[in-house]
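Values quoted throughout were computed directly from the atomic coordinates according to the rules given, and no laboratory measurement underlies them. Because the structure is predicted, anything quoted here is derived from the model rather than measured. All Cβ positions, even for glycine, are placed from backbone atoms using ideal geometry, and neighbour counts span all protein chains on display.
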Amino acid sequence: MIDEWYIGIDKDGYVSDYDYRGDAVDQEDNCYVINLNWDRFTHLSGNRFTSEVAGNFTLIKTEDGMTLEFDDASINSEDIGQKTNLNHSDLVAADCDASRSTITRADSEQKAYEKSK
């Protein structure tokens with residue numbers, strides 16, 4: 001089973017993640033749970049970076065994407081897959097919170113319309 005999940009790093013190093021809830025693992029709505037700007041990466045030199053959350057790490061390019069190897073031995077390395085053609089606006093457009101609030105708003109408007117009849 002594949003857990004579809006994306007990570008985005010903007011030009012200022014802010015890290016966001018997008019967890020697709022309609023995959024085989026989560027089996028929920030066709031939308032993403034989005035966690036914006038939960039960390040920030042700063043380039044140190046070469047393939048070395050620092051994370052505001054997890055400290056220093058080495059970015060290693062792999063056949064399947066990249067791996068973050070953290071200096072702190074208590075933090076497991078993080079494998080990140082291939083680059084996607086999706087961009088931030090594609091993923092935000094399918095935000096689970098936004099889709100749920102839209103459904104709730106539509107239901108409320110329909111009930112108000114039916115009540116006014």
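Net charge in the neighbourhood of Gly13 (other residues with Cβ under 12 Å of its Cβ; Lys, Arg +1, Asp, Glu -1) is -2.
With each label modelled as a point 7 angstrom along the Cα→C-beta vector, the Val92-Met1 pair spans 3.1 nm. Taking only the C-alpha atoms of segment 1-77, Rg followed by Dmax gives 14.1, 41 Å.
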